[in-house]
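Engineer: Dropping the structure in here first, questions after.
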Amino acid sequence: KKSFRIVVLPGDGIGPEVIAEAVRVLEVISATSPDIELKLESHLFGGCAIDETGQPLPDSTLQACKEADAILMGSVGGPKWDVNSKVRPEQGLLGLRKALGLYANIRPANFASDALLAYSPLKTHVAQGVDIIVIRELIGGAYFGERKELGVAPKEDTAYDTMIYSVAEVQRITRVAAQIALSANPPLPVHSIDKANVLASSRLWRKVVIETLQTEYPQLKLDHMLVDSASMVMVASPRKLNGVIVTENLFGDILSDEVSVIPGSLGLLPSASLAGAPSVADALSPNFKPTPGLYEPIHGSAPDIAGQGIANPIGTILSAAMLLRYSLGLDRYAQAIENAVRKVLDDKSQGGFELRTADLGGKVKTTEIGDKIVEVLKGLL
Ligand code: NAD
Ligand code: IPM
Ligand code: MN
């Protein structure tokens with residue numbers, strides 16, 4: 001049996017609740033597969049790690065992540081850990097992304113099942129047919145540029161952050177966007193989003209995106225939008241953004257939360273953070289090499305509903321599917337998970353769409369959604 005090592009970082013708030021269901025899904029696959037074994041191990045990360053060790057990303061956790069074939073994460077942070085304190089859970093996440101060189105964050109908002117359209121905050125005719133993949137640059141820009149609070153603590157009177165990009169950083173994320181665009185048939189259009197009318201880093205961004213696509217991927221359609229108007233288009237006529245959006249770190253953070261609710265709920269959407277373009281090579285082919293990656297739902301620790309057992313685990317379960325596809329080369333199992341999720345969301349056997357957590361207007365608990373997905377998945381394997 002081919003064995004893979006998966007590090008699980010449950011984190012804080014609803015993190016452990018949604019991770020538990022994704023772990024069950026992975027365990028079913030491991031137990032059912034004749035040729036694959038998944039070895040899962042949990043590590044401390046985020047606020048809970050600060051409470052135990054004083055650090056959000058303890059050395060032992062980072063070491064385990066570096067040695068793993070892939071990492072599955074819940075979410076970190078919460079009101080218990082003050083944003084003004086020196087050590088914060090979110091620093092662990094940024095540190096992990098940086099340490100592993102995970103510059104490409106892939107956030108697909110294309111899991112639209114028509115059964116969910118009624119829960120979209122947008123009118124059905126606006127939300128229908130939206131199929132957007134956000135490619136967010138993840139280890140550059142204002143998140144990692146120099147920042148400082150000036151003045152004497154606790155009376156800092158000025159603070160700054162630096163949004164900074166190099167040509168090489170823009171080139172590599174552009175190539176990832178291009179390869180994802182090309183993986184569809186016909187290839188997807190690429191929308192690059194920036195603020196080139198104001199920011200120098202955006203002017204460099206736009207120039208490098210144009211040069212890279214023109215010289216390396218001339219067959220792709222490319223347009224440019226300013227981030228303010230793009231965020232308006234995203235709610236007014238989001239189908240205009242169908243295809244691949246490529247954008248810098250902070251704009252991508254904001255736009256991906258915005259796009260996430262179009263298919264129904266923030267709780268549904270997965271993400272992958274990779275150190276290169278995703279490959280879909282088969283794990284059993286002789287030259288398959290796993291690509292380490294970090295997989296997490298795009299939502300946070302949802303302190304307002306944590307501990308109630310009502311969080312939607314689907315974003316995390318779909319993140320586990322992305323993990324199987326992109327890091328472990330197990331596309332057939334990834335598809336089985338996605339099909340099981342779709343079947344559960346589309347289920348009308350009780351006379352209506354009964355299998356819904358509260359974010360989708362239902363009353364079903366996190367574990368009950370997990371039970372149902374596991375049951376349907378077993379039938380598909
Ligand atoms: P959030 O994403 O945690 O929650 C926003 C809203 O969406 C809340 O009303 C929440 O109840 C709801 N929601 C989120 N996930 C849900 C799910 N799976 N099922 C049902 N409802 C869900 O954003 P926030 O409240 O701004 O942030 C809370 C904390 O999470 C902060 O400390 C923030 O830094 C952190 N955060 C962490 C990550 C991460 O770990 N990747 C991502 C975003 C935010
Ligand atoms: C996300 C989160 C993180 C980010 C925070 C928690 C650091 O919002 O993954 O989208 O801003 O990247
Ligand atoms: Mn975010």
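Engineer: Let me confirm something: among Gly243, Gly252, Gly276, Gly264, which residue is modelled with pLDDT of 95 or more and away from ligand 2 (no atom under 16 Å from the Cβ)?
Structural biologist: Gly243
Engineer: Can you pull out every residue in region 1-34 that is over 21 Å from Pro290 (Cβ atoms) and in contact with a strand residue (DSSP E or B) (Cβ under 7 Å, 6 or more places away or on another chain)?
Structural biologist: Across region 1-34, the qualifying residues are Pro10, Gly11, Asp12, Gly13, Ile14, Gly15, Pro16, Val18.
Engineer: For the structure I just gave you, tell me whether Ser327 is among the small types (Gly, Ala, Ser) and within 23 Å of Arg175 (Cβ to Cβ).
Structural biologist: yes
Engineer: Among the numbered conditions (1) away from ligand 1 (no atom under 13 Å from the Cβ); (2) in contact (Cβ under 8 Å) with a residue 40 or more places away in the chain; (3) within 25 Å of Arg24 (Cβ to Cβ); (4) crowded, with 16+ Cβ neighbours inside 10 Å, tell me where Val126 comes up short.
Structural biologist: Of everything listed in (1) away from ligand 1 (no atom under 13 Å from the Cβ); (2) in contact (Cβ under 8 Å) with a residue 40 or more places away in the chain; (3) within 25 Å of Arg24 (Cβ to Cβ); (4) crowded, with 16+ Cβ neighbours inside 10 Å, Val126 misses just condition (3).
Engineer: Please specify each residue of region 197-220 satisfying the condition of being surrounded by 15 or more Cβ atoms within 10 Å (Cβ to Cβ) and within 12 Å of Ala178 (Cβ to Cβ). Steps first, please.
Structural biologist: Taking region 197-220 and keeping what is surrounded by 15 or more Cβ atoms within 10 Å (Cβ to Cβ), we get 199, 201-202, 204-206, 208-209, 212-213, 217, 220.
Of everything in region 197-220, those that are surrounded by 15 or more Cβ atoms within 10 Å (Cβ to Cβ) and within 12 Å of Ala178 (Cβ to Cβ) turn out to be Val209, Thr212, Leu213, Tyr217, Leu220.
Engineer: Still on this structure: Assess whether Leu213 counts as being more than 16 Å from ligand 1 (Cβ to nearest atom) and in a loop (DSSP other than H, G, I, E, B).
Structural biologist: Numbers: more than 16 Å from ligand 1 (Cβ to nearest atom): yes; in a loop (DSSP other than H, G, I, E, B): no.
In short, no.
Engineer: Evaluate region 59-75: report whether one residue or more is within 16 Å of ligand 2 (Cβ to nearest atom) and of a type in the set (Ser, Thr, Tyr).
Structural biologist: yes
Engineer: Only one residue in Ala159, Ala184, Ala200 is closer than 26 Å to Thr124 by Cα and either among the β-branched types (Val, Ile, Thr) or free of Cβ contacts under 8 Å to residues at least 60 places away in the same chain (or both), so which one is that?
Structural biologist: Ala184
Engineer: Same structure again: Does Leu250 count as within 16 Å of ligand 3 (Cβ to nearest atom) and in a helix (DSSP H, G or I)?
Structural biologist: yes
Engineer: Checking Leu269 against (1) away from ligand 3 (no atom under 14 Å from the Cβ); (2) of a type outside the set (S, T, N, Q); (3) surrounded by 24 or more Cβ atoms within 10 Å (Cβ to Cβ), only one condition comes out false. Which one?
Structural biologist: With (1) away from ligand 3 (no atom under 14 Å from the Cβ); (2) of a type outside the set (S, T, N, Q); (3) surrounded by 24 or more Cβ atoms within 10 Å (Cβ to Cβ) applied to Leu269, the lone miss is (1).
Engineer: Has region 132-146 got any residue that is away from ligand 3 (no atom under 16 Å from the Cβ) and among the hydroxyl-bearing types (Ser, Thr, Tyr)?
Structural biologist: No: zero hits.
Engineer: What's the total number of residues in region 88-101 that are among the aliphatic types (A, V, I, L, M), surrounded by 14 or more Cβ atoms within 10 Å (Cβ to Cβ) and more than 8 Å from ligand 1 (Cβ to nearest atom)?
Structural biologist: Of the residues in that region, 3 qualify.
Engineer: In addition: Please go through region 284-332 and give me each residue that is within 16 Å of ligand 3 (Cβ to nearest atom) and at positive phi, ordered by number.
Structural biologist: Within region 284-332, Ala302 is the sole residue that qualifies.
Engineer: If you take the residues in region 154-175 that are surrounded by 11 or more Cβ atoms within 10 Å (Cβ to Cβ) and of a type in the set (D, E, K, R), which one is farthest from Gly276 (Cα to Cα)?
Structural biologist: Selected residue: Glu156.
Engineer: Any idea which of (1) within 14 Å of the chain's Cα centre (by Cα); (2) away from ligand 1 (no atom under 16 Å from the Cβ); (3) among the polar types (S, T, N, Q) is the one Ser273 doesn't satisfy?
Structural biologist: (2)
Engineer: While we're on this one: Please go through region 11-59 and pick out each residue that is acidic (Asp, Glu) and either farther than 18 Å from Ser301 by Cα or within 16 Å of ligand 3 (Cβ to nearest atom) (or both).
Structural biologist: Hits for region 11-59 are Asp12, Glu27, Asp35, Glu37, Glu41, Glu52, Asp59.
Engineer: Can you spot a residue in region 138-153 that is crowded, with 21+ Cβ neighbours inside 10 Å, among the aliphatic types (A, V, I, L, M) and assigned to a helix (DSSP H, G or I)?
Structural biologist: Checked against the condition, which is being crowded, with 21+ Cβ neighbours inside 10 Å, among the aliphatic types (A, V, I, L, M) and assigned to a helix (DSSP H, G or I), region 138-153 yields no hits at all.
Engineer: Follow-up. Report, by residue number, each residue of region 297-322 that is under 16 Å from the mean Cα position of the chain (by Cα) and away from ligand 2 (no atom under 16 Å from the Cβ).
Structural biologist: Matches in region 297-322: Asn312, Pro313, Ile314, Ile317, Ala320, Ala321.
The values are calculated or read from the model by the stated rules, or taken from the named source; none is laboratory data. This one's a predicted model, so the numbers in the text were calculated from it and none came from an experiment. Because the Cβ atoms are built from the backbone with ideal geometry, glycine has one as well, and the counts that use them run over all protein chains shown.
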